[in-house]
1. If I stretch the segment between residue 216 and residue 186 completely, what's the gain in nm (0.36 nm per residue apart, minus their alpha carbon distance), one decimal?
2. Report which label in (1) 30, 20, 17; (2) 39, 22, 16; (3) 28, 21, 17 holds the value of semi-axes √(5λ) of the Cα gyration tensor in Å derived from the coordinates of this structure.
3. Connecting C-alpha atoms closer than 10 Å in a GNM of the chain, tell me which of 176, 16, 24 has the biggest fluctuation.
4. Add -39500 (n - 2.57) for each DSSP H run of 4 or more in the chain, then divide by its residues: what number comes out at 222 nm, to the nearest 500 deg cm²/dmol?
5. Mind giving me the FRET efficiency for residue 101 and residue 171? R0 is 22 Å, r the Cβ-Cβ distance, nearest 0.05 is fine.
6. Can you tell me which of 17, 128, 196 moves the most in a GNM of the chain? Springs connect C-alpha atoms under 10 Å apart.
7. Say R0 is 30 Å: what FRET efficiency, to the nearest 0.05, do residue 55 and residue 143 get from their beta-carbon distance?
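Read-outs throughout are calculated quantities, based only on the coordinates presented, and are distinct from any laboratory measurement. Worth saying up front: this structure is predicted, and the values here are computed from it rather than measured. Don't worry about glycine lacking a Cβ; one is built from the backbone with ideal geometry, like all the others, and counts go over all protein chains shown.
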């Protein structure tokens with residue numbers, strides 16, 4: 001057998017095992033938390049040898065951090081493509097100039113696009129374990145939170161704050177940033193208060209039709225905030 005092919009096959013198997021361990025760890029850590037989960041449980045769920053956790057990640061903590069690096073990369077893959085064009089557009093605007101109507105409409109369209117991406121991310125049932133882990137880190141941050149914040153949160157919050165400041169130039173940076181956090185809270189509630197949402201709305205689940213209703217309401221709230229002058 002060709003030696004190059006042999007190395008390639010081993011690399012592919014190693015990558016597959018690493019991915020399986022990360023995916024198993026996401027499920028186990030989300031369900032039970034870091035301290036309650038053993039590497040034996042994770043390896044069993046992944047169908048892998050327990051020793052490979054040490055080989056690939058250096059141990060349980062390394063695997064935990066790798067989980068958050070993976071989540072950060074997945075979030076960026078899902079909604080990150082919209083960021084670059086927005087940054088490029090905003091960099092062309094004069095900081096102190098009043099936006100023309102077309103510029104304002106362009107900024108609002110960019111903002112709504114970003115908000116829609118974040119809403120869809122939070123309401124996607126496939127991201128439930130990610131969000132459970134992110135919520136754990138919000139309440140009791142570790143080194144993993146730094147990965148999340150530097151990986152995608154800082155950039156996204158910064159760009160939305162920049163958009164709000166362009167659309168509401170009378171606001172201070174702190175006022176715009178608090179407005180962004182208020183907007184984010186409106187989105188997060190559909191994840192962290194899911195059971196209350198379903199009970200209050202008498203919905204069996206959050207499906208495509210419900211997501212569209214949620215988007216409609218959040219966009220209406222955002223439009224009201226952008227038009228407010230109080």
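1. Working: separation 30, 0.36 × 30 = 10.80 nm, distance 1.24 nm.
Value of the extension gain: 9.6 nm.
2. Looking at semi-axes √(5λ) of the Cα gyration tensor in Å for this model, the match is (2).
3. 16
4. Values: 12 runs with 178 residues, N = 230.
The per-residue figure over the chain is -25500 deg cm²/dmol.
5. About 0.65, to the nearest 0.05.
6. 196
7. Values: r = 21 Å, r/R0 = 0.70.
Approximately 0.90, to the nearest 0.05.
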